[in-house]
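Chemist: Got a structure for you, written out below as structure tokens; questions coming shortly.
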């Protein structure tokens with residue numbers, strides 16, 4: 001029995017129809033049936049947010065350095081940074097490893113928001129990361145803040161790829177109620193391979209795999225697996241068609257750079273994605289942080305500056321805003337191992353053509369501390385609210401479940 | 001909505017086979033997946049229809065005096081130099097594939113995930129090697145002894161900065177994580193407890209020995225108790241907290257039984273841990289002998305980890321795999337052994353699966369079965385297995401793989417499609433399939449790939 005690809009899609013549909021997928025079903029089905037015809041390149045360009053998560057607790061004091069403040073050098077006799085290569089103002093300088101960020105700052109495309117945090121901070125990596133990802137310091141939540149955004153604001157969007165995580169593990173921030181957000185490591189690996197040794201078998205195999213992964217509800221685990229598989233097969237069909245057109249001469253550094261290159265590739269493909277998420281590590285600097293911390297910061301700063309060079313070539317600098325955060329800052333006083341232990345408030349960064357470059361937010365006092373840690377001056381949810389309201393055309397009140405005001409960065 | 005099952009009646013009673021709950025392929029497969037990496041045709045034959053105690057004895061009663069892998073590892077002298085961390089990763093996977101004691105490797109992997117230490121920071125490969133050997137040796141022993149060993153373990157002393165934690169210059173990292181992640185869970189201690197406890201762990205040098213003048217002999221107040229606490233005293237104090245046995249019972253249930261254990265179950269096994277003085281072997285054997293473990297509620301309730309997928313498939317089809325291929329495959333699926341993402345370890349379950357990793361799993365099935373590259377050293381292993389089992393017709397081949405990979409529990413519609421698949425040759429010509437030689441056979445390989453691409457196959 002020879003089966004055309006259209007028949008395969010039809011079989012997939014009947015499998016799907018028995019399962020309640022909530023509000024996503026119509027979009028999902030229409031997308032699926034039209035998968036072969038929809039010219040994905042014809043979507044309009046909406047504003048895009050890229051979130052860069054700096055995992056481990058970035059030492060903000062050694063990132064945006066108050067080099068005229070004696071208290072800083074008193075608390076950090078060994079690890080306090082004296083090299084004034086990257087002065088921003090008469091009070092602050094960047095860590096000397098952040099050359100890429102200094103260039104962006106000079107072009108007015110980097111906003112630094114000092115003193116970001118939240119009430120009653122926890123010093124647990126995991127709980128604090130969860131708080132930043134769910135925007136809910138009061139109690140644990142299942143859905144992420146960007147998941148809420150996708151559920152609320154992108155309800156009518158036709159895109160299958162409203163949000164994309166570039167990396168292995170989906171962060172809580174992107175956990176949505178309406179549909180699973182895909183994780184893509186690289187465009188190359190994001191394909192569904194068949195045995196090319198035998199043409200006919202390959203067709204039959206394609207059909208059987210699609211059918212046996214059609215959404216079913218025998219158990220919660222099977223439902224979850226089959227939904228993921230069904231979505232993946234459709235997404236890969238779409239992406240393969242478009243992503244091959246990306247060409248760029250920009251050299252990206254390894255690690256985070258490669259992830260951002262994949263983001264650039266997907267932006268170029270124009271799949272209607274509004275939110276991208278990438279992660280990098282190396283910020284949990286409990287010991288001998290001098291070399292390691294600089295390297296981690298250089299990694300972020302070089303990767304993001306390469307990304308914006310690439311976007312500039314595509315003419316999309318004004319369409320993409322990047323936000324960097326970490327789950328907490330670190331203790332003001334250096335510890336016994338020339339490192340720093342878990343702390344509280346720290347800076348956030350925003351990059352992009354439409355960002356109001358410069359230094360925002362009050363730098364926390366180095367003497368009025370909370371258990372040795374900096375007190376926050378900007379609730380991070382105020383930054384989220386600003387992005388949601390001013391950049392993503394969403395209602396921050398609905399997404400975050402409260403009003404947090406705005407900060408003048410966009 | 002998905003069908004949601006409930007835990008069984010008499011959950012903690014010892015499972016005893018009956019006519020409607022036999023110790024068949026399904027239950028033997030279940031046990032071998034949870035206590036190891038999955039069944040082989042030989043193991044299924046050996047244990048089905050026998051008393052479950054025979055399989056449990058085989059899994060649990062191994063001697064620590066000799067290493068059954070020595071002969072096999074000698075073949076790999078070049079590999080066992082551990083010049084590079086990749087070699088150690090492959091050594092770990094090699095053990096899992098070839099071991100005659102799957103539980104020893106499985107429990108070592110469990111502790112590797114529990115005390116999640118990463119070679120990304122611990123760049124001395126021999127430290128990582130010693131830590132894995134410790135988990136293999138103490139894995140089924142006393143949890144107290146294990147905690148004491150971990151506290152003095154070189155890899156851990158580097159990973160969580162214990163080596164730099166000295167009198168007057170405390171480093172809180174280990175003290176925080178032993179309470180938050182290893183023994184109690186968040187919410188069961190205060191920030192004050194972290195700072196005081198850190199002082200009890202001061203003075204342990206990188207070689208695991210105590211340097212007396214770097215140890216803080218002063219009084220510490222932890223959990224409201226004050227005294228000149230040292231490392232072992234601190235561990236005893238932590239283990240005396242009511243949260244401690246529950247924390248471990250929950251973790252064991254999650255790993256071996258069900259991703260969402262109930263409070264009753266946690267409390268029961270927490271009590272057993274206390275009653276056995278933290279004896280892992282006794283508690284875990286009780287858990288894996290229970291009605292709870294063999295219930296419909298627990299069956300296929302977990303999602304296989306990448307290591308379980310990769311090692312399990314390799315074991316099922318007779319091993320002889322190319323280790324770098326296995327290592328790279330687990331990494332692409334999101335579980336690079338010796339490199340857990342952070343000190344909490346891999347979150348597991350749903351987080352293993354996203355649209356990327358599900359495709360990587362399917363593609364792994366294709367690579368393993370078709371062996372277009374050098375995935376296998378020997379290429380004819382798969383057909384040999386079928387010939388030995390007299391599975392030579394299309395229908396027999398479907399049954400053979402369905403049993404080996406899915407406990408024979410396959411949807412009837414899917415089974416029919418696979419039988420039809422076996423009947424069609426190139427260009428759509430109908431044929432009667434017959435396996436005649438042990439040469440790689442496209443249809444057999446395709447069949448294996450298809451079964452590994454079902455959602456059921458992703459479940460443990």
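The values are calculated or read from the model by the stated rules, or taken from the named source; none is laboratory data. All values derive from a computational prediction rather than experimental measurement. Virtual Cβ from ideal backbone geometry, glycine too; neighbours counted across all protein chains shown.
Chemist: Based on what the data block shows, is residue A:138 surrounded by fewer than 21 Cβ atoms within 10 Å (Cβ to Cβ), part of a helix (DSSP H, G or I) and more than 7 Å from chain B (Cβ to nearest Cβ)?
Modeler: No, not satisfied.
Chemist: Let me ask another. Just name the residue that is nearest to residue A:319 (Cα to Cα) out of those in segment A:77-121 that are touching a residue at least 40 places away in the same chain (Cβ under 8 Å) and within 14 Å of chain B (Cβ to nearest Cβ).
Modeler: A:121
Chemist: Right, here's the next one. Just to verify a result, which residue in segment A:159-173, among those that are more than 10 Å from chain B (Cβ to nearest Cβ) and outside any loop (DSSP other than H, G, I, E, B), is surrounded by the fewest Cβ atoms within 10 Å (Cβ to Cβ)?
Modeler: Once the filter is applied, the top-ranked residue is A:163.
Chemist: Also, quick follow-up: So if I check each of B:328, B:271, which one is within 14 Å of chain A (Cβ to nearest Cβ) and out of contact with any strand residue (DSSP E or B) (no Cβ under 6 Å at 6 or more places or on another chain)?
Modeler: B:328
Chemist: Please find, among B:52, B:22, the residue that is exposed (fewer than 15 other Cβ atoms within 10 Å of the Cβ), closer than 21 Å to residue B:257 by Cβ and modelled with pLDDT of 95 or more.
Modeler: Only one candidate qualifies: B:22.
Chemist: Can you find a residue that is part of a strand (DSSP E or B) and closer than 19 Å to residue A:323 by Cβ anywhere in segment A:91-101?
Modeler: Yes, some residue in segment A:91-101 is part of a strand (DSSP E or B) and closer than 19 Å to residue A:323 by Cβ.
Chemist: Out of segment B:409-424, which residues are touching a residue at least 12 places away in the same chain (Cβ under 8 Å) and within 17 Å of residue B:392 (Cα to Cα)?
Modeler: Passing the criteria: B:415, B:418, B:419, B:421, B:422, B:423.
Chemist: Next question. Evaluate the following for residue A:240: is it over 24 Å from residue A:175 (Cβ atoms) and within 13 Å of chain B (Cβ to nearest Cβ)?
Modeler: yes
Chemist: Among the residues in segment B:197-205, are any farther than 15 Å from residue B:115 by Cβ, within 11 Å of another protein chain (Cβ to nearest Cβ) and surrounded by 19 or more Cβ atoms within 10 Å (Cβ to Cβ)?
Modeler: yes
Chemist: Can you pull out every residue in segment B:343-356 that is within 7 Å of chain A (Cβ to nearest Cβ) and under 19 Å from residue B:161 (Cβ atoms)?
Modeler: B:344
Chemist: Within segment A:181-190, can you find the residues that are in a loop (DSSP other than H, G, I, E, B) and either touching a strand residue (DSSP E or B) at 6+ places or on another chain (Cβ under 7 Å) or within 7 Å of chain B (Cβ to nearest Cβ) (or both)?
Modeler: A:181, A:182, A:185, A:189, A:190
Chemist: Could you give every pair whose Cβ atoms fall below 7 Å, whose first residue belongs to segment B:425-446 and is within 12 Å of chain A (Cβ to nearest Cβ), and whose second residue is surrounded by fewer than 12 Cβ atoms within 10 Å (Cβ to Cβ), counting only separations of at least 6 or pairs across chains?
Modeler: Qualifying pairs under 7 Å: B:428/A:2.
Chemist: Looking for whichever is within 14 Å of chain A (Cβ to nearest Cβ) and at pLDDT 95 or above here; the options are B:121, B:137, B:167. Which one fits?
Modeler: Exactly one of B:121, B:137, B:167 is within 14 Å of chain A (Cβ to nearest Cβ) and at pLDDT 95 or above, namely B:167.
Chemist: If you go through segment B:304-325, how many residues are at pLDDT 95 or above and either touching a strand residue (DSSP E or B) at 6+ places or on another chain (Cβ under 6 Å) or in a loop (DSSP other than H, G, I, E, B) (or both)?
Modeler: 2
Chemist: A follow-up question, please. Does at least one position in segment B:278-290 carry a residue that is assigned to a loop (DSSP other than H, G, I, E, B), buried (at least 20 other Cβ atoms within 10 Å of the Cβ) and in contact with a helix residue (DSSP H, G or I) (Cβ under 8 Å, 6 or more places away or on another chain)?
Modeler: Within segment B:278-290, one or more residues are assigned to a loop (DSSP other than H, G, I, E, B), buried (at least 20 other Cβ atoms within 10 Å of the Cβ) and in contact with a helix residue (DSSP H, G or I) (Cβ under 8 Å, 6 or more places away or on another chain).
Chemist: Additional query: Residue under question is residue A:231, and the condition is that it be within 30 Å of residue B:164 (Cβ to Cβ) and touching a helix residue (DSSP H, G or I) at 6+ places or on another chain (Cβ under 6 Å); does it hold?
Modeler: So residue A:231 fails the test.
Chemist: Take segment A:195-210 and flag every residue that is at pLDDT 80 or above, more than 7 Å from chain B (Cβ to nearest Cβ) and touching a helix residue (DSSP H, G or I) at 6+ places or on another chain (Cβ under 8 Å).
Modeler: A:206, A:207, A:210
Chemist: Continuing with the same structure: If a residue must be more than 14 Å from chain B (Cβ to nearest Cβ) and surrounded by 19 or more Cβ atoms within 10 Å (Cβ to Cβ), how many such residues does segment A:44-66 contain?
Modeler: Number satisfying all stated conditions: 13.
Chemist: For residue B:306, indicate whether it is in contact with a helix residue (DSSP H, G or I) (Cβ under 9 Å, 6 or more places away or on another chain), in contact (Cβ under 8 Å) with a residue 40 or more places away in the chain and surrounded by fewer than 20 Cβ atoms within 10 Å (Cβ to Cβ).
Modeler: No: the conditions fail for residue B:306.
Chemist: Take the conditions at pLDDT below 85, out of contact with any helix residue (DSSP H, G or I) (no Cβ under 9 Å at 6 or more places or on another chain) and either over 30 Å from residue A:126 (Cα atoms) or not in a helix (DSSP H, G or I) (or both) and apply them to residue B:379. Does it pass?
Modeler: Judged against the criteria, residue B:379 is a match.
Chemist: OK, next. May I ask you to list the residues in segment A:361-399 that are over 27 Å from residue A:320 (Cβ atoms), away from every other protein chain (no Cβ under 14 Å) and without any contact (Cβ under 8 Å) to a residue 60 or more places away in the chain?
Modeler: Matches in segment A:361-399: A:365, A:368.
Chemist: Tell me the residue from A:156, A:147 that is more than 9 Å from every other protein chain (Cβ to nearest Cβ) and assigned to a helix (DSSP H, G or I), please.
Modeler: A:147
Every residue, every condition in (1) closer than 22 Å to residue A:372 by Cβ; (2) part of a loop (DSSP other than H, G, I, E, B), yes or no:
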| position | (1), (2) |
| --- | --- |
| B:121 | no, yes |
| B:126 | no, no |
| B:131 | no, no |
| B:135 | no, no |
| B:196 | yes, no |
| B:207 | no, yes |
| B:216 | yes, yes |
| B:235 | no, no |
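Chemist: Restricting to segment A:243-262, give me the number of residues that are touching a strand residue (DSSP E or B) at 6+ places or on another chain (Cβ under 8 Å) and away from every other protein chain (no Cβ under 14 Å).
Modeler: Qualifying residue count for the region: 2.
Chemist: All but one of (1) more than 7 Å from every other protein chain (Cβ to nearest Cβ); (2) buried (at least 20 other Cβ atoms within 10 Å of the Cβ); (3) modelled with pLDDT of 85 or more hold for residue A:232; which doesn't?
Modeler: (1)
Chemist: All but one of (1) out of contact with any helix residue (DSSP H, G or I) (no Cβ under 8 Å at 6 or more places or on another chain); (2) closer than 30 Å to residue B:103 by Cα; (3) surrounded by fewer than 22 Cβ atoms within 10 Å (Cβ to Cβ) hold for residue B:168; state the number of the condition that does not hold.
Modeler: Failing condition for residue B:168: (2).
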